[in-house]
Number of protein chains: 2
Amino acid sequence: MNDSVLNKPMMPIVESIPNISEGRKLDVVERIVAAVQQTAGVRVLDYSSDASHNRSVITLVGDPASVRNAILALYEAVVPAVDLRSHSGEHPRVGAVDVVPFVPIEGVTMAECVALAREVGAAVAERFGVPVFLYEEASDNPGRKNLEDIRRGEFEGLAAKMATPGWTPDFGPATPHEAAGASVIGARMPLIAYNINLNTDRLDVARKIAAAVRHSSGGLRYVKAMGVKLDDRNLAQVSINLTNYQKTPVHRVFDMVAREAARYGVAVLESEVIGLIPAAALTAAAEHYLQLERFSPAQILENRLREA
Amino acid sequence: MNDSVLNKPMMPIVESIPNISEGRKLDVVERIVAAVQQTAGVRVLDYSSDASHNRSVITLVGDPASVRNAILALYEAVVPAVDLRSHSGEHPRVGAVDVVPFVPIEGVTMAECVALAREVGAAVAERFGVPVFLYEEASDNPGRKNLEDIRRGEFEGLAAKMATPGWTPDFGPATPHEAAGASVIGARMPLIAYNINLNTDRLDVARKIAAAVRHSSGGLRYVKAMGVKLDDRNLAQVSINLTNYQKTPVHRVFDMVAREAARYGVAVLESEVIGLIPAAALTAAAEHYLQLERFSPAQILENRLREA
């Protein structure tokens, strides 16, 4: 076996999912997306706009330096075009470029994504005069890790909030940008949206299971969960967000939900991934249940093909 | 979500693993490998020679037309260089190019690999005068699906065998090529070499489990298995070859081995993949144990990235 092929490092890939506070003027959104798309080394995987939220979400990938350039190109397009003083929408927001997470996908560590968030944050503050708050893994401040905590009070309350102790931004001016507010920039793991359907219509059971497995009420560290009713199928569902699949793996959540369900005489009917899931989350489940040892991603045929 | 990205067809990839009857003259082997490597659209993933077997195995991948060209280039290099009349080695063989399987990897059906085997078989017979027997999925003849059945009697017994009823080749002359014998060309699924170690040193238990799960003694259709002893770890092992992971999945074999082991008061210590495994075999295990429904490979983040 040709070890040099197996050991070749993968091309580094970072994902970023900037959220911008414009979801109604689609010509403006198109121009912003075009600015990202025209950046060398970057691909836009997806973008979507929500009129009631008045917000758009863009998903892009590339090597760290190219993703950095793409985010700065995005600010260049957004800052003159989006004015929060005349913005309304259902979704909470604190800035024209509201949130910019960097997510390690392949051949990149979380530490490198944190470094990228700091570099971009500093550049945004300097070039555009927009104050930047770091969040999630990029923040060392326990009170400023959570996006909701930073965004509380929204754009309208931002000037007052920034005047209180503890709310000096990580980069940039001590007061909001007149039109663009502030930005929340950080690094996090990919989210997995994962639902488990029960063979019952009892919403109370789904809610009790959700309370048992989610972090906020005593459950697993990287789980958010709620019980919901699927009216069209007459089923109860535990609807889950996994915020770090490496530390709280899908299979552990599945097993815990099944065990809790059994306590109510209920079984798991099926589970479902909504949107995208990293291959490693599925491989980890296979390794767990098959008790695989000494397994390496280099043994996956497709990884071998990609390297060759 | 941008559906056109999700629905974009994958680039078709076929794997071929030609086995040639030369494993001692490494300069000859290098020249043969070079002929394959120089074919446009083809990558050699691996090759290795065994002196006691006097045999070399080359693993290559590419689109179907390029793989066809590479195999014909291989014959061009092998036929003048390898003479079975003066060949000896431990491994059974019937030809200079002994076996050529085509394996569907990505964006290619088994039917397309069967068609490729027939096309290459016809071309080999015509250009090199070597008789070709189709095997596995490429053969419609139940007595000529199994490689061992075709190879029985080896090169030395080939002329006599081909003179008996039922042994007319699928392509080419009714008698062996003087120096190059015959070739066995066909299509098959990727093999998975998979071992399950038991928390016991009892070889008899491993042997009983192997007999229970393997096809030849009443077990699962696409399983070959034997019990062995790992002397260095003082463990008994069920050593398995899975010849069609789509029809007999890894997780079903694992569960059956664990159930059979329990009958002897033994547990599964661990399992192990030897060499490469298709991503789909691991994904199928995750889908099975997590009871995943409505899941598509297009939801795997890395597949999405590759398409973009």
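The values are calculated or read from the model by the stated rules, or taken from the named source; none is laboratory data. Computed from a prediction, not measured in an experiment: that's the story for all the values here. All Cβ positions, even for glycine, are placed from backbone atoms using ideal geometry, and neighbour counts span all protein chains on display.
Selection within the stretch A:191-205: residues that are within 13 Å of A:ALA258 (Cβ to Cβ) and crowded, with 19+ Cβ neighbours inside 10 Å. The member of this set that is farthest from the chain's Cα centre (by Cα) is A:VAL205. Restricting attention to the stretch B:109-127, which residues are crowded, with 22+ Cβ neighbours inside 10 Å and touching a helix residue (DSSP H, G or I) at 6+ places or on another chain (Cβ under 9 Å)? B:CYS113, B:LEU116, B:VAL120, B:VAL124 - these are the residues of the stretch B:109-127 that are crowded, with 22+ Cβ neighbours inside 10 Å and touching a helix residue (DSSP H, G or I) at 6+ places or on another chain (Cβ under 9 Å). In the condition set (1) within 21 Å of the chain's Cα centre (by Cα); (2) modelled with pLDDT of 95 or more, B:ILE13 is compliant with all but (2). In the stretch A:47-73, the residues that are closer than 15 Å to A:ARG31 by Cα and touching a residue at least 12 places away in the same chain (Cβ under 8 Å) form Cβ pairs under 8 Å with partners that are of a type in the set (Lys, Arg) and surrounded by fewer than 18 Cβ atoms within 10 Å (Cβ to Cβ), at six or more places apart or across chains, as follows: A:SER49/A:ARG24; A:LEU72/A:ARG127.
Filtered by the rule that a residue be more than 25 Å from B:ALA281 (Cα to Cα) and of a type outside the set (A, V, I, L, M, F, W, C), the stretch B:224-265 gives B:LYS229, B:ASP231, B:ASP232, B:ARG233, B:ASN234, B:ARG263, B:TYR264, B:GLY265. Do we have A:ALA236 as touching a Lys or Arg at 6+ places or on another chain (Cβ under 8 Å), at pLDDT 95 or above and crowded, with 20+ Cβ neighbours inside 10 Å here? Yes.
The helices (runs of 4 or more DSSP H) found entirely in the stretch A:193-308 that carry 2 or more residues being at the interface with chain B (Cβ under 9 Å from one of its Cβ atoms) are A:250-262, A:279-289, A:301-307.
The condition (being surrounded by 21 or more Cβ atoms within 10 Å (Cβ to Cβ), modelled with pLDDT of 95 or more and within 14 Å of chain B (Cβ to nearest Cβ)) is satisfied by just one residue among A:VAL103, A:VAL82: A:VAL103.
State whether the residues of the stretch A:132-150 include one that is closer than 16 Å to A:ALA179 by Cα and among the β-branched types (Val, Ile, Thr). Checking the stretch A:132-150: at least one residue is closer than 16 Å to A:ALA179 by Cα and among the β-branched types (Val, Ile, Thr). Please go through the stretch B:246-264 and give me each residue that is modelled with pLDDT of 95 or more and not hydrophobic (A, V, I, L, M, F, W, C), ordered by number. Within the stretch B:246-264, B:THR248, B:PRO249, B:HIS251, B:ARG252, B:ASP255, B:ARG259, B:GLU260, B:ARG263, B:TYR264 meet the criteria. Across the stretch A:44-88, the number of residues qualifying as in contact with a Phe, Trp or Tyr (Cβ under 6 Å, 6 or more places away or on another chain) and farther than 23 Å from B:GLU307 by Cα comes to 3. Scanning the stretch B:128-141 for residues that are under 19 Å from B:ALA77 (Cβ atoms) and crowded, with 23+ Cβ neighbours inside 10 Å turns up B:VAL130, B:VAL132.
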